[in-house]
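Everything on this sheet refers to the single structure shown next.
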Number of protein chains: 2
Amino acid sequence: MYQNNTEMDFYPTRMNSESKIIPRTDPVVYPSSLTSLTRKQEDFFEKNGYLVFENLFSIDEVTALLDELKALSKDDSKKELPQFILEETKKDVRSIFEIHKLSEIFSRLCKDSRLVDVAQQLLGSKVYVHQSRVNLKPGFDGKEFYWHSDFETWHSEDGMPNMRAVSCSVSLTKNYEFNGPLMVIPGSHKEFVSCSGTTPDKHYKQSLKRQEIGTPDKKILEDMVEKGGIVSAKGDAGSAIFFDCNIMHGSNGNISPYPRSNAFIVFNSIHNKLITPFCGLEPRPNYIGSREFSVLDPIENFLN
Amino acid sequence: MYQNNTEMDFYPTRMNSESKIIPRTDPVVYPSSLTSLTRKQEDFFEKNGYLVFENLFSIDEVTALLDELKALSKDDSKKELPQFILEETKKDVRSIFEIHKLSEIFSRLCKDSRLVDVAQQLLGSKVYVHQSRVNLKPGFDGKEFYWHSDFETWHSEDGMPNMRAVSCSVSLTKNYEFNGPLMVIPGSHKEFVSCSGTTPDKHYKQSLKRQEIGTPDKKILEDMVEKGGIVSAKGDAGSAIFFDCNIMHGSNGNISPYPRSNAFIVFNSIHNKLITPFCGLEPRPNYIGSREFSVLDPIENFLN
């Protein structure tokens, strides 16, 4: 046991023998004086838990990000870094964490006002990067990622107190229905699924490849899908999807020749800084759940 | 070595160190005096290698087939039969082969004129059932099935001389983009991919769960998809897709709660009866590649 969290835990999890639903008490869209999003977009996000922006970034911008990524993942000296997560085969890079620290251009992407303005408006405050990563899902043998709520893990393993964070996935390749795109269950963000099991020590070393603890029972998933259906994030490279920290999501494998790469940035409110993890274990490393809380000052265009 | 096939082998495979393309010499649509299909449908099949019939069977018909299937797969005494293929976990039934012999209603389905007329017209002759099976892809953990041409296996392991067979998949559940539907590469049926490797003895015991021998190299698949794209068989329960014996196809896994069941029937021309397998091994059992050659007499409606 690392140390007990003495804060009130509104979303207890991994303490029961089976999953159960706890209603969300936190807002989805926080009050804000910002005006980048229309009222209609805010309402859509409140109801469904996600928001899609087609072609938010240009081909040139995507190309610049992909070039950087290719260089990084070909650099064998870097594969030993803990930020580099390899496929179970140990050959290919599956993800690179803390990409905003390993790369200047990705650092600037995280500050781009096209992203930060949206995050600030939804969360009603200044924001910082809780986690950043790029995912490289190769063609032919990309593995599936089972249903989960990110907040469930961030709350339990990182000590994120409340649901006041939003994720953004920027597509760096075209997302087809065939290449294992992100799937979300609309509306599922309004219920917290308290999961069964307990967190093993250093759980993240396994869970970043295949998560088994912190996933809901099948019956709960069936009910959620019956209510909300499934939506997949298809679209051209350069599109972005924002999704609530608590929305249930996952992705199928990919036997198609089409690879799937995306940049993933989690914006957390500065009023929702991490505290002691609720699972009683040591916090995960900074490159997975940052404890630096550096407020983001938006910039006009990350390439310029 | 079982015995040498003295027939001319127009489609040699599993004799090289890498995949290579051999142009198809057999017709795709054979001359026929039948008129169930329009000329447009024939042309579409000739060009693309598949043909979809939305809602070919009614809800009542699908329900009758599903009820039969539930009864069969709950029957633990039957799980020991070689016709029953279990998931790698050994718990769930993945497929039941020779379903037209294990079930009266499925036997009648194979003779239904809505299917047999199409097969007879495409193949320009009377037909028999080379293989029948039902696939039960459960929700949440349905496994993927990698790209392959059925003819490659039937030729090599069953001794099917020519490309004069057509498969029909009847959907018994709704096919979404999310639950690992059949994916085909349009146009790929016009090229035979001679695969690398050699056939291990009793290969079918492994390959029915996960095929590794008889699958094309990635480069060839990339080229085929670049030329023809990918089409997935989505649609309501009761829809049917016919696809050429040599079309490249596969399916992704399924983490969605939606199960995916279908009945799969291979119609082979009576002028294309099996001979000695070209791989030099003993033929596969009758329940996988039938050597009974019983000509099908079409019936009006399988339920009546």
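The values are calculated or read from the model by the stated rules, or taken from the named source; none is laboratory data. Everything numeric in this text was worked out from a predicted model, so none of it was measured. Heads up, the Cβs are rebuilt from the backbone with ideal geometry, glycines too, and the neighbour counts pull from every protein chain shown. We work out accessible area using only protein heavy atoms, side chains counted, and drop any ligands, DNA or RNA first. Shrake-Rupley method; radii C 1.70, N 1.55, O 1.52, S 1.80 Å.
With charges set only on the Cβ (+1 for Lys and Arg, -1 for Asp and Glu), what does the dipole of region B:15-96 come to about its Cα centre, in debye to the nearest 20? It would help to have the intermediate numbers written out before the result.
On the way: 12 positive and 16 negative charges, 53 e Å.
It works out to roughly 260 debye.
Copy-to-copy spacing for B:Asp67, label 7 Å out on the Cα-to-C-beta vector, in nm, shortest first?
Listed shortest first, these distances are 6.5 nm.
Give me D for region A:210-279 in µm² s⁻¹, whole number, from Stokes-Einstein with Rh from the Kirkwood sum over alpha-carbon pairs, 10 °C and 1.306 mPa s. Can you show the working numbers first?
Numbers: Rh = 15.8 Å.
Taking Rh from Cα pairs, D becomes 101 µm²/s.
Classify chain B from the C-alpha gyration tensor, please: rounded if a/c falls under 1.5, else prolate or oblate depending on whether a/b exceeds b/c.
Values: a/c = 1.29, a/b = 1.16, b/c = 1.11.
Since a/c stays below 1.5, the shape of chain B is classed as rounded.
If you project the alpha carbons of region B:94-234 onto their three principal axes, what span does each projection cover, largest first, in Å?
That works out to 43, 39, 34 Å along the principal axes.
Whole-Å semi-axes of region B:249-297's equivalent ellipsoid, largest first, each the root of 5 times a Cα gyration tensor eigenvalue? Walk me through the numbers before you get to the answer.
Details: eigenvalues 179, 55, 19 Å².
Ellipsoid semi-axes (Å, largest first): 30, 17, 10.
Can you tell which of A:Thr153, A:Thr199, A:Gly124 lies farthest toward the positive end of the dipole of region A:122-245, using +1 and -1 charges on the Cβ of basic and acidic side chains (Lys, Arg; Asp, Glu)?
A:Gly124
Quick check for you: with a 1.4 Å probe and neighbouring chains kept, what is the accessible area per residue of the protein assembly as shown, in Å²? Numbers along the way, then the final one.
Values: 25170 Å² over 608 residues.
Counting only protein heavy atoms, the per-residue value for the protein assembly as shown is 41 Å².
Got a number for carbon plus sulfur as a percent of region B:98-175's accessible area, 1.4 Å probe? Write down the numbers at each step before the final one.
Values: 830 of 1710 Å².
So the carbon and sulfur contribution to the accessible surface is 48 percent.
Net charge around B:Thr35, counting only other residues with Cβ within less than 15 Å of its Cβ (Lys, Arg = +1; Asp, Glu = -1)?
Details: positive: B:Arg39, B:Lys40, B:Arg114; negative: B:Glu42, B:Asp43, B:Asp117.
Charge balance near B:Thr35 sits at 0.
Sorted from largest down, what three extents in whole angstroms do the Cα atoms of region B:1-160 have along their principal axes?
Computed over the Cα atoms, the extents are 45, 45, 31 Å.
Counting Lys +1, Arg +1, Asp -1, Glu -1, what net charge surrounds B:Glu54 among other residues with beta carbon under 15 Å of its beta carbon?
On the way: positive: B:Arg114, B:Lys174, B:Lys234; negative: B:Glu61, B:Asp236.
Its environment carries a net charge of +1.
For the protein assembly as shown, with only Lys/Arg (+1) and Asp/Glu (-1) charged at the beta-carbon, what is the dipole magnitude about the Cα centre, in debye rounded to 20?
Working: 72 positive and 84 negative charges, 83 e Å.
Using Cβ point charges on Lys, Arg, Asp and Glu, the protein assembly as shown gives about 400 debye.
List the distances, in nm to one decimal, from the label point of A:Glu80 to the label points of the same position in every other copy, shortest first, placing each label point 7 Å from Cα along the Cα-to-Cβ direction.
Ordered by distance, the counterparts are at 5.7 nm.
Taking every DSSP beta bridge with both residues inside the protein assembly as shown, roughly what % is antiparallel (nearest 5)?
Details: 92 of 96 bridges.
Taking every DSSP beta bridge within the protein assembly as shown, about 95 percent pair in antiparallel fashion.
When the Cα centres of region B:25-99 and region A:152-184 are compared, how far apart do they sit, in Å?
That distance is 37 Å.
Using Cα positions and a limit of under 16 Å, work out the aspartates and glutamates in reach of B:Lys126, with same-chain residues fewer than 8 apart set aside.
B:Asp112, B:Asp117, B:Glu292, B:Asp297
Among residues other than A:Val193 whose Cβ falls under 13 Å from its Cβ, what is the net charge (Lys/Arg +1, Asp/Glu -1)? Kindly include the intermediate steps, with their values, before the conclusion.
Working: positive: A:Arg14, A:Lys20, A:Arg24, A:Lys190, A:Lys218, A:Lys219; negative: A:Glu18, A:Asp150, A:Glu152, A:Glu191, A:Asp217, A:Glu222, A:Asp223.
It works out to a net charge of -1.
Over all distinct Cα pairs, what is the inverse of the mean 1/r for region A:47-129, reported as the Kirkwood hydrodynamic radius in Å? Please list the in-between numbers first.
On the way: mean 1/r = 0.0672 Å⁻¹.
One decimal place: 14.9 Å for the Kirkwood radius.
FRET efficiency for A:Glu282 and A:Thr63, Cβ-Cβ distance as r, R0 = 45 Å, nearest 0.05? Mind dumping the intermediate values first?
Values: r = 40 Å, r/R0 = 0.89.
Calculated value: 0.65.
Restricting attention to the alpha-carbon atoms of the protein assembly as shown, what are Rg (one decimal) and Dmax (integer), both in Å?
26.7, 82
Enter the Cα centre distance for the pair region B:214-283 and region A:196-243, rounded to the nearest angstrom.
Centre-to-centre distance over Cα atoms comes out at 30 Å.
How would region A:156-304 be classified by its alpha-carbon gyration tensor: rounded, prolate or oblate, with rounded meaning a/c under 1.5 and the a/b versus b/c comparison settling the rest?
oblate
Once you charge only the Cβ atoms, +1 for Lys and Arg and -1 for Asp and Glu, what is the size of the charge dipole of chain A about its Cα centre, to the nearest 20 debye? Could you put the intermediate results ahead of the total?
On the way: 36 positive and 42 negative charges, 49 e Å.
The dipole magnitude comes to about 240 debye.
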